[in-house]
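The values are calculated or read from the model by the stated rules, or taken from the named source; none is laboratory data. Model, not experiment: these values are computed from the prediction. With ideal geometry, Cβ positions are generated from the backbone for all residues, glycine too; neighbour counts draw on all protein chains shown.
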Amino acid sequence: MKAIVLAWLVAGCVDSTDQGGPWQDISGITGVFAPETGPAPAPRDPPACALRVATWNLHTGPDPADLAAQILASRELVSADVLLTQEIEAHPTETGSRSQRLAGALGMTWIYAPARIEGDGTHGIAIFSRFPLEAAAVRQLPFVDRPIHPSHRIALAADVVIGTERIRVVDVHLETRLSAGDRIRQLHPAINDAGEQLILGGNFNSQPWAWVDGVVPVTSTEAVVGQDHAQIIDDYLGQNAFAGAVSPDATTMRIPLFSMRLDNLYARGNPILAAGVEHVDGSDHWPVWFDVATGRCPTRTR
């Protein structure tokens, strides 16, 4: 039944005029949207078993020093090997990009991919890692025109190189005011040809309501049955062999009136060993983390 419902969501009720673009190696992207890359990180031994990955939307966190302090003070985040971020910016009036400064404070390398112009700078997503990042690419996701502030969305992918093992990671930030069908359509290109082993994370903006014409949310008891986007995304990714870090009833928004799971991590081909939501300051979102088994780890799941 779920497969039938999802097929209807994707194919039966959305405007599919824009299909996004192909994956593009970051070396071929020039101009204002050229990605920024950091130097190779300091050499370190591969993890004995698990790789810890976190995702954090930094919407209200413009200060890299404060964000780094929050991460370093967190029992769960301080040990993250890979960090996916969304809504991070770069401005020429600041001393170095925010990605560069955050990576420097954490001792990581990074790739920052601008998604749009923001003031005198850019706004985008970034991958940070304690291990080398290679084969990085950006993909334009399908554009969905909205009456209020529509924006182009991208996916950023890279291989995390851990000794002789490579783990592909993809970072996404989906549009806010979308129907369930458009949300799946915008997500689909990020995973449909990314390989059998993949870690996916980001801000999916998976809200528990439907939108009327991309403007008015149908909330609470008025919501359309079956329109919880978090559950729909989990079902769709589950059909594509992904397991999720936290359940649809988890909360990743710090604003009390908007308790919902907008952010999550998923793994395909790497069993999840542990996961959680970390309550830290620094943004209006809480980060999600999980441990996934690497090739050095006995196969087991939580």
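Being in contact (Cβ under 8 Å) with a residue 40 or more places away in the chain and closer than 21 Å to residue 189 by Cβ is a condition met by no residue of region 58-76.
Only a single criterion out of (1) surrounded by 23 or more Cβ atoms within 10 Å (Cβ to Cβ); (2) β-branched (Val, Ile, Thr); (3) part of a loop (DSSP other than H, G, I, E, B) is not satisfied by residue 138, namely (3). Residue pairs whose Cβ atoms lie under 7 Å apart, separated by 6 or more positions or on different chains, with the first residue in region 239-268 and under 17 Å from residue 174 (Cβ atoms) and touching a residue at least 12 places away in the same chain (Cβ under 8 Å) and the second of a type in the set (Val, Ile, Thr) and in a helix (DSSP H, G or I), are 240/191.
Residue-wise test of (1) surrounded by 15 or more Cβ atoms within 10 Å (Cβ to Cβ); (2) among the small types (Gly, Ala, Ser); (3) assigned to a loop (DSSP other than H, G, I, E, B).
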residue: 61; (1), (2), (3): yes, yes, yes
residue: 68; (1), (2), (3): yes, yes, no
residue: 76; (1), (2), (3): yes, no, yes
residue: 99; (1), (2), (3): yes, yes, no
residue: 110; (1), (2), (3): yes, no, no
residue: 125; (1), (2), (3): yes, no, no
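Which of the residues belonging to region 78-91 are part of a loop (DSSP other than H, G, I, E, B) and polar (S, T, N, Q)? 79, the sole residue that qualifies.
If you go through region 80-126 and keep only what is without any contact (Cβ under 8 Å) to a residue 40 or more places away in the chain, over 19 Å from residue 59 (Cβ atoms) and hydrophobic (A, V, I, L, M, F, W, C), you end up with just 106. So for region 4-21 (the condition being among the β-branched types (Val, Ile, Thr), in a loop (DSSP other than H, G, I, E, B) and at pLDDT 95 or above), does at least one residue qualify? So far as region 4-21 goes, no, none of its residues is among the β-branched types (Val, Ile, Thr), in a loop (DSSP other than H, G, I, E, B) and at pLDDT 95 or above.
Across region 269-296, what is the total count of residues that are among the small types (Gly, Ala, Ser) and more than 25 Å from residue 168 (Cβ to Cβ)? Write out each step before concluding.
In the first step, residues of region 269-296 are kept if they are among the small types (Gly, Ala, Ser); the result is 269, 274-276, 282-283, 293, 295.
Those still in the list that are more than 25 Å from residue 168 (Cβ to Cβ) too: 282-283.
Total satisfying the criteria: 2.
Quick one: count up the residues across region 228-250 that are among the β-branched types (Val, Ile, Thr) and either closer than 11 Å to residue 208 by Cα or assigned to a helix (DSSP H, G or I) (or both). Don't jump to the end; show me each part of the working.
Step one: list which residues in region 228-250 are among the β-branched types (Val, Ile, Thr), which gives 232-233, 246.
Now drop any that are not either closer than 11 Å to residue 208 by Cα or assigned to a helix (DSSP H, G or I) (or both), which leaves 232-233.
Number satisfying all stated conditions: 2.
Sort through 60, 30, 55, 93 and tell me the only one that's within 17 Å of residue 171 (Cα to Cα) and β-branched (Val, Ile, Thr). Within the list 60, 30, 55, 93, the selection yields 55.
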